[in-house]
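Here the structure comes first, spelled out in structure tokens, and everything after it is commentary.
Just so you know, all these numbers are worked out from the coordinates, no wet-lab data involved. Just so it is clear, the model here is predicted, and its values are computed rather than measured. Note: ideal-geometry Cβ built from the backbone for every residue, glycine included; neighbour counts use all protein chains shown.
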Ligand SMILES: Cc1cc2nc3c(=O)[nH]c(=O)nc-3n(C[C@H](O)[C@H](O)[C@H](O)COP(=O)(O)O)c2cc1C
């Protein structure tokens, strides 16, 4: 049996990316119920909402699930206390180095999977006691590194011995099979699940992803050390202009405030931050999570040698 499935108690090694504002209880429970692992996106979530989201997932499913901790969140210390107190089965971490939290999370029996954009951080995470890593390529939606998934994954696989989950640019069974061939033992997807029937996301945002082609995304924020991939729109063009003009970090932050909320809740496709990956170009239909996962597994099993998945 695949190490990821064994470690996490799931049927298929397919994770929901813990997307801020998007990976909420209905979507999380749907992914876990379909045999993958749903992950709550706690970024920007007040601590009491995280508690109720965990309770809501537990009401909807008995299957395992996880919580994504955004390390730059102002409430991060409280969020760590909550996942420990609630005995959440696993956490993923985004935007930085979670080393200072790993021992406490592991003592509480929580499996820890940091997201890494580079080999060096993957090696540090293995030394710090992580159970596995999520190697995320620059094709991804949201905060990104610089290396592509196809280049990053095999290098991370060769550099560490804990399991590697591939993320970035995976949207169907071919992507899952390719990740396994590269040595990953599972995949994490954001953009594909954002355009699922269960995702609590405004239809305008889903429509924008369906319409997008593979070149519709843009990365802004490199000049302030916080690159983010979104669909190009009025807001991203304004960011690009700020970048060109060398505006300070505070001005970027002022423009960014509430951007993802505007996209997810209000369906504002002009002034909202339409975080989505390059795989948007492959996605042409809103599908239920169960169908997405079942089709992926069937396609990948037909492509891979017997027993590889
Ligand atoms: C709308 C959106 C929000 C995201 N928010 C987070 C987040 O809060 N924390 C995190 O670690 N990753 C976040 N991500 C990244 C995803 O968890 C996932 O790793 C990524 O989407 C994978 O690439 P893909 O979009 O090509 O599938 C986000 C991605 C999207 C599209």
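Of the beta bridges in the chain, as assigned by DSSP with both residues counted there, near 20 percent are antiparallel. Determine the shape class of segment 97-139: with a ≥ b ≥ c the square roots of the Cα gyration tensor eigenvalues, call it rounded for a/c under 1.5, and otherwise prolate if a/b is greater than b/c, oblate otherwise. In terms of gyration-tensor shape, prolate.
Helical runs (DSSP H, four residues minimum) scored at -39500 (n - 2.57) apiece and divided by the length of the chain put the mean residue ellipticity at 222 nm at -12000 deg cm²/dmol. Distance from the Cα centroid of segment 73-147 to that of segment 10-26 is 15 Å (rounded to whole angstrom). Taking a ≥ b ≥ c as the square roots of the eigenvalues of the Cα gyration tensor of the chain, is the shape rounded (a/c under 1.5), prolate (a/b larger than b/c) or oblate? The shape class here is rounded.
What residues from segment 1-34 fall in the zone where the backbone N is under 19 Å from a label point 7 Å along the Cα-to-C-beta line of residue 55? Zone members listed by number: 24-29.
Ordered by the number of other Cβ atoms lying within 10 Å of each residue's own Cβ, fewest first, 268, 158 fall into the sequence 158, 268.
Share of Cα-Cα pairs in segment 207-288 beyond 19 Å, in percent? In whole percent, the long-distance tail amounts to 36. Using the Cα gyration tensor of segment 1-53, with a ≥ b ≥ c the square roots of its eigenvalues, what is the shape: rounded (a/c below 1.5), prolate (a/b larger than b/c) or oblate (neither)? Note, shape of segment 1-53 comes out prolate.
Residue exposure proxy: 112, 91, 151, ordered by other Cβ atoms within 10 angstrom of their Cβ from fewest to most, comes out as 151, 112, 91. The ellipsoid equivalent to the alpha-carbon distribution of segment 254-309 has semi-axes of 35, 12, 10 angstrom, derived from the gyration tensor eigenvalues as √(5λ) and listed largest first. Listed peptides 241-247, 259-265, 165-171, 121-127 appear in the order 165-171, 259-265, 121-127, 241-247 once ranked by packing, highest mean of other Cβ atoms within 10 Å at the front.
Descending by average beta-carbon neighbour count within 10 Å, the peptides 226-233, 76-83 line up as 226-233, 76-83, the highest first. Working from label points 7 Å from Cα in the Cα-to-Cβ sense, the residue 254 to residue 85 distance is 3.7 nm.
Legend: ranking of residues 143, 21 from fewest to most surrounding C-beta atoms inside 10 Å; resulting order 21, 143. With a Förster radius of 35 Å applied to the beta-carbon distance between residue 127 and residue 302, the computed FRET efficiency rounds to 0.35.
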